1. Just to verify a result, which residue in segment A:133-156, among those that are open to solvent by 10 Å² or more (accessible area, probe 1.4 Å) and either within 14 Å of chain B (Cβ to nearest Cβ) or of a type in the set (Ser, Thr, Tyr) (or both), is nearest to ligand 3 (Cβ to nearest atom)?
2. Report whether or not A:Arg99 is in contact with an Asp or Glu (Cβ under 7 Å, 6 or more places away or on another chain), of a type in the set (D, E, K, R) and closer than 30 Å to B:Arg190 by Cβ.
3. Considering only segment A:77-89, I want to know if a residue exists there that is within 16 Å of ligand 1 (Cβ to nearest atom), under 27 Å from B:Ala94 (Cβ atoms) and surrounded by 24 or more Cβ atoms within 10 Å (Cβ to Cβ).
4. Can you tell me which residue within segment A:17-28, out of those that are of a type in the set (A, V, I, L, M, F, W, C) and within 14 Å of ligand 3 (Cβ to nearest atom), is surrounded by the fewest Cβ atoms within 10 Å (Cβ to Cβ)?
5. Are any residues in segment A:167-177 more than 14 Å from ligand 1 (Cβ to nearest atom) and either within 14 Å of chain B (Cβ to nearest Cβ) or open to solvent by less than 10 Å² (accessible area, probe 1.4 Å) (or both), and if so, which ones?
6. Report whether or not B:Met279 is under 25 Å from B:Gln132 (Cβ atoms) and touching a residue at least 24 places away in the same chain (Cβ under 8 Å).
7. Go through segment A:76-123 and report how many residues are in contact with a Gly (Cβ under 8 Å, 6 or more places away or on another chain) and within 16 Å of ligand 3 (Cβ to nearest atom).
8. Anything in segment B:336-353 that is farther than 12 Å from B:Val260 by Cα and open to solvent by 30 Å² or more (accessible area, probe 1.4 Å)? List them, or say none.
Amino acid sequence: MAKLKELAAQKERFVGGHRGCAGCGASIIARQVLMAAENPVVVGASTGCLEVFSTIYPYSAWNVPYIHNAFENVAATMAGVEAAYKVLKAKGKISKDLRFIAFGGDGGTYDIGIQALSGMIERRHRVLYVCYNNEAYMNTGIQRSSATPRGAHTTTSPAGKVIPGKLQPRKNLTEIIIAHEPAYAAQATFGYWNDLITKVRKALDAEGPSFLNVYAPCRLGWAYAPEKTVKVSKMAVESCIWPLYEYQDGKYRITIKPKEKKPIDEFLKMQGRFAHLFKWKDDVPIKEFQEEVDYIWNRLLKRSEVL
Amino acid sequence: MIVARTGNEAMAEAMRQINPDVVAAYPITPATEIVQLFSKFVNDGLVDTEFVPVESEHSACSACVGASASGARVMTSTSSQGLALMHEILFIAAGLRLPITICLVNRSLSSPINIHCDHSDTMASRDAGWLQIYTENAQEAYDTTIQLVKIAEQALLPGIASTDAFIISHGMERVELIDDKEVPKFLGERKLNYSLLDVDNPITLGPLDLQDYFFEHKRSEIDAMDNVLPIIEKVQKEFGDKFGRYYPIVDEYKMDDAEVAILVMGSTGGTAKVTVERMREKGKKVGLVRARVYRPFPKDAMTKALSKPKVVGVMDRSDTMSTLGGHLYNDARSILYKSDKQPLMKNYIYGLGGRDISIEEIEAIYGQLFDIQKSGEVDKDVVYFGVRGE
Ligand SMILES: Cc1ncc(C[n+]2csc(CCOP(=O)(O)OP(=O)(O)O)c2C)c(N)n1
Ligand code: SF4
Ligand SMILES: [Mg+2]
């Protein structure tokens, strides 16, 4: 368990003054992940909101070494950084014990960057890959990704007169990553900050590739008031839209089990991106979404120990 | 040591002796062998390299960027579609001023798919901000690979050393190898201004650079290109002084009294040299210019060379698809625009997809150039040489 007082006393590694929206979930994730790291870290980021708002030259929000290469290749870039570290350490040119963290948006991770990520894990690079998952391409103006949930309005899956937003369910990337047998994988979100920090530490301690899929409410793309960000993050967990669990050594563990599983309506109602579903001619889209959430949650319950 | 080596083997030997910190690479014909041989060196413990067998060339180049930004000496190898897949990241590597070296085998780009030699792959990347050196034989490929690592690190620019597919990559030749111990001595350690791994001095690399600074940063990259030729000359001279093999920026052959000349790149340079010798024996005043360093384009040396003859035939193994002919031709014409000694010029696009070019054919081209000299006129600026229906 991390202590809030100790965390608050740390020197900030991801500082304020950047140009993220007020209430941006991605920025909270960057800050919390770096707070959790106990070793010096080197960070990479893929093209996307986080990269854009944190490094507008000549400013940088990063108080740690940072590299941005392109959209789809942060996993490969950090694989290269880690490879350099291994050899330079073996040659005695580096003495410190470093950790490596790649940040990618859901677009840069689920979609265009999935190949590089798969390769990075398969080759067993000791890099923690953090997908800050705001469920759409926010930087380019809220387009759908394969992480966008069914029913959500985005600018390329608009809530129309005959089609109510995105039709397809989300890709379950966490399970795809687990199939790679990483050293550690988990889902997290900043509303449960202690859970997130514990998972970051476990991931960084694991001797091999690790992956965190961190739910990142986005006030702009999800359309809610900035001050609601943490509430939305928590409601995602309470409604089992975003189960918090981890996978290590062949074992699944649910790390936060909601006391009372809320219907997804409560989550959907908080956000403008689902508003049209409540005005739809029938309740089919919401029902199907609820069924999907239940199916995945029940499957997870069967697989998991519950902490 | 004198050995028999193919171009690929020679480049792989150079890589073994360079002993780079990181190699991230992906197989593609005809460069696969370089990667295979190198993996064997790694697994036999002959190098200290961290070999990253990536899942694509895009990731190869991306990993090279990460490793190079971390202070490592980094190399890779590819060809054709592989270089095309790297395309996006080539510009980023150059913009970040990372001295990565690619051992490249020139192969035509699809479509149609083909595995043989032309220069369409590197030409498509010529504006990426990488140094490009085209070699004539396995010896030059070996020597250039070693030189390029040093040049790139001094100029803070990435570079491509290339050979012609199969003609050089798979052709067995006599190669003189440098002593294993001498190569690291020649190269020295990579000097770093900064490194991603220096956690006490954190840097932000690859930030968003908008209207207020981007242009200055791009300008400084262009500056590096502007200033690199003296570095290349210096390293080539050091190499020559140490190992006895001197290379020019622009390779001139029998140009002093040449009435007509051809301008070529790559292995055709060798074929053309034999042609020149044969024709000279018959009293024909022919000469040859070979563009060894192609990026940056060595305008002064090239202007000097091309100003000597009355007629120049530019042989391009690639086409710009602009109806303006080949890449080399366009560059050569452009630098002569202000010259008071403008030769008549004709462009021969030849050898696409690996079609062979023979001594007899080059002789025929020289014959046409003499005709142009006589008539004082170029009937057709761009011709496709050795293609059916032309
Ligand atoms: C190869 C390539 N294609 C498209 C883009 C345009 N682009 C930049 S960021 C982005 C979306 C990023 O989405 P995500 O990874 O989810 O991050 P977010 O902005 O949502 O934080 C896109 C499509 C690009 N930069 N590079
Ligand atoms: S659009 Fe969303 S992800 Fe992007 S800065 Fe705003 S809140 Fe953050
Ligand atoms: Mg996103």
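The values are calculated or read from the model by the stated rules, or taken from the named source; none is laboratory data. None of the values given here were measured: they were computed from a predicted structure. When we count neighbours, we look across all protein chains shown, and the Cβ atoms used for this are built from the backbone with ideal geometry, even at glycine. These accessible areas exclude ligands, DNA and RNA; they are computed on the full protein's heavy atoms, side chains included. Shrake-Rupley method; radii C 1.70, N 1.55, O 1.52, S 1.80 Å.
1. Selected residue: A:Tyr137.
2. Numbers: in contact with an Asp or Glu (Cβ under 7 Å, 6 or more places away or on another chain): no; of a type in the set (D, E, K, R): yes; closer than 30 Å to B:Arg190 by Cβ: yes.
The answer is no for A:Arg99.
3. Yes, because at least one residue in segment A:77-89 is within 16 Å of ligand 1 (Cβ to nearest atom), under 27 Å from B:Ala94 (Cβ atoms) and surrounded by 24 or more Cβ atoms within 10 Å (Cβ to Cβ).
4. A:Cys21
5. Result: A:Thr174, A:Ile177.
6. Criteria not met by B:Met279.
7. 8
8. B:Tyr337, B:Lys338, B:Asp340, B:Lys341, B:Gln342, B:Leu352 - these are the residues of segment B:336-353 that are farther than 12 Å from B:Val260 by Cα and open to solvent by 30 Å² or more (accessible area, probe 1.4 Å).
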